[in-house]
Structures are given as C-alpha cells and as structure tokens.
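J.: Before I ask anything, here is the structure I am working with.
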Amino acid sequence: MEPLFIVSPLNRSGTNFLANLILETGEFQMPKGINEDYFSVYSDNLTRYVDSTIKHWSKPFSDPKSKEKDEILAEFGDVLLNRAKKKCVNEKRLLLKCPRPNNIENVFKLFPTAKVLFCIRNGKSTVDSFEKSFNHYTFKDIVDLWAKGCREIDKCVSRYPNAGNVLVIN
C-alpha cells in the first residue's frame, strides 16, 4: 500500500492535528520514534549521489533517457519505507509527516506510489505559533520561511496539477 505523506510549509502548521484525525480512521499507522520523517528535506543529497555515481557507468546506464536513475532512487525510497515499517506494530497503511516541504518533488522519485497531503494553515496563525515555539528566529525570518515553504508547495502542485497523488488542505 502506498504511503501517505503530510507536508506543511513550516512547523506549527497543523500536521500533528491532521495526522491524529487520519489515524482515527484506523486505516493508518505512524512508525514509533519517527514523529517527523524529513525524508524529502535532505533528498537532494541522494539525487546528487545517484547522478554522480551513474555518470561513471557505461552509456546505457548514464543516458539521460535511461530509467536507471528513477529506479535507483525508488530503491533508496524502499529502504527508507522499510525502515519506517519496521517501527510499526501492524500492517496498516503508513502515515508519515514533515513540517517542511524542502525538495518535496523528490518524494515522487523516491516513493513513486506515494500520496501527498499538503497541510497549509493560515500564515498569520502559523507564524505566531512558530514564533512562540522557536523564539530564536526573527519575525522576518519566520515569515520568509513560511513564504518559501508555500512557494515550494505551489511549485510542486503546479507541476502535478491533475495528479491523483496530491491534495492541498488549507
């Protein structure tokens, strides 16, 4: 079964609340000890690694039209999902969440069957809540982070406008 990812533009956007609602259906579970997965946030490192590695392989593998890169990235994704599943207690569908959308488009490379639910809370409420929770950021920095996260989500949604694997809740 395909995993469901909840992603927001910034911490304090309601991913915990939404995850708890989804868990109430009884169809999903979250891995113990992985409250926020951050699988996509640092995925640019994996894509660079694969690019750098396969460029040294023979032509059929490194050809830009080859599916080799996509297959390798999906295999890395399987490793991450298998690790998360080992932290689960049953066979229910996997629910993962991340409060940052950095490199979110890589989710579809790492987890080709994944569904993504973007949770966008009101900007003012998110910034206020973030400021109270993480007081070492300036107000301007928080607003910039929220705006950057929203742009990242918008870019992803625009790229997959008719995809059945993306939903935005705000």
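The values are calculated or read from the model by the stated rules, or taken from the named source; none is laboratory data. Model, not experiment: these values are computed from the prediction. Using ideal geometry, Cβ is built from the backbone for each residue, glycine included, and neighbour counts are taken over all protein chains shown. Heavy atoms of the whole protein, side chains included, go into the accessibility calculation; ligands, DNA and RNA do not. Shrake-Rupley method; radii C 1.70, N 1.55, O 1.52, S 1.80 Å.
J.: Which percent of the accessible heavy-atom area of the chain goes to carbon and sulfur, probe 1.4 angstrom?
T.: Of all accessible area on the chain, carbon and sulfur atoms account for 53 percent.
J.: Still on this structure, I have one more. Excluding ligands, DNA and RNA, what is the solvent-accessible area per residue of the range 1-76 at a probe of 1.4 Å, expressed in Å²?
T.: Per-residue value: 60 Å².
J.: Classify the range 61-103 from the C-alpha gyration tensor, please: rounded if a/c falls under 1.5, else prolate or oblate depending on whether a/b exceeds b/c.
T.: oblate
J.: Quote the accessible area belonging to Asp51 in square angstrom, nearest 10, computed with a 1.4 Å probe and with ligands, DNA and RNA left uncounted.
T.: So the heavy atoms of Asp51 present about 70 Å² to solvent.
J.: Further question: Starting from the Cα gyration tensor of the range 1-97, multiply each eigenvalue by 5, take the square root, and state the resulting semi-axes largest first in whole Å.
T.: 32, 15, 10
J.: Another question, then. For the range 114-170, please report how many Lys pairs fall under 27 Å Cα to Cα, leaving out neighbours fewer than 8 apart on the same chain.
T.: Lysine pairs, 8 or more places apart or on different chains, close enough: 10.
J.: Label the range 68-163 by shape, choosing from rounded, prolate and oblate, from the square roots a ≥ b ≥ c of the eigenvalues of the Cα gyration tensor; if a/c is under 1.5 it is rounded, and otherwise prolate applies when a/b is larger than b/c, oblate when it is not.
T.: Note, shape of the range 68-163 comes out prolate.
J.: Counting other C-beta atoms within 10 Å, and keeping those with at most 11, which DSSP coil GluC sites (Glu not before Pro) do you find in the range 1-79?
T.: In loop regions of the range 1-79 (DSSP not H, G, I, E or B), the sparsely surrounded GluC sites (Glu not before Pro) are Glu24.
J.: So, one more: Could you tell me which helices of the chain pass both thresholds, a Cα extent of 24 Å or more along their own axis and a mean Kyte-Doolittle hydropathy of at least -1.0, with helices taken as whole DSSP H runs?
T.: 68-86, 139-159
J.: Quote to one decimal, in nm, the extra length available between His136 and Lys67 on full extension: 0.36 nm per residue of separation minus the C-alpha distance between them.
T.: 20.4 nm
J.: For the chain, what does the helix formula give at 222 nm: sum of -39500 (n - 2.57) over DSSP H segments with n ≥ 4, over the residue count, nearest 500 deg cm²/dmol?
T.: Mean residue ellipticity at 222 nm (helix-derived): -14500 deg cm²/dmol.
J.: I would also like to ask the following. Which aspartates and glutamates have a Cα lying under 17 Å from the Cα of Lys69, excluding residues fewer than 8 positions away in the same chain?
T.: Asp44, Asp51, Asp78, Glu105
J.: May I ask for the Kirkwood hydrodynamic radius of the range 100-151, worked out over all distinct Cα pairs and given in angstroms to one decimal?
T.: Final number for the Kirkwood radius of the range 100-151 is 12.5 Å.
J.: Looking at the range 9-80, which trypsin sites (Lys or Arg not before Pro) are in a loop (DSSP not H, G, I, E or B) and have at most 14 other Cβ atoms within 10 Å?
T.: Listed in order of number, the matching sites are Lys32, Lys55, Lys65, Lys67.
J.: Dipole of the range 1-148, Cα-centred, from +1 at each Lys and Arg C-beta and -1 at each Asp and Glu C-beta, to the nearest 20 debye?
T.: My answer is approximately 140 debye.
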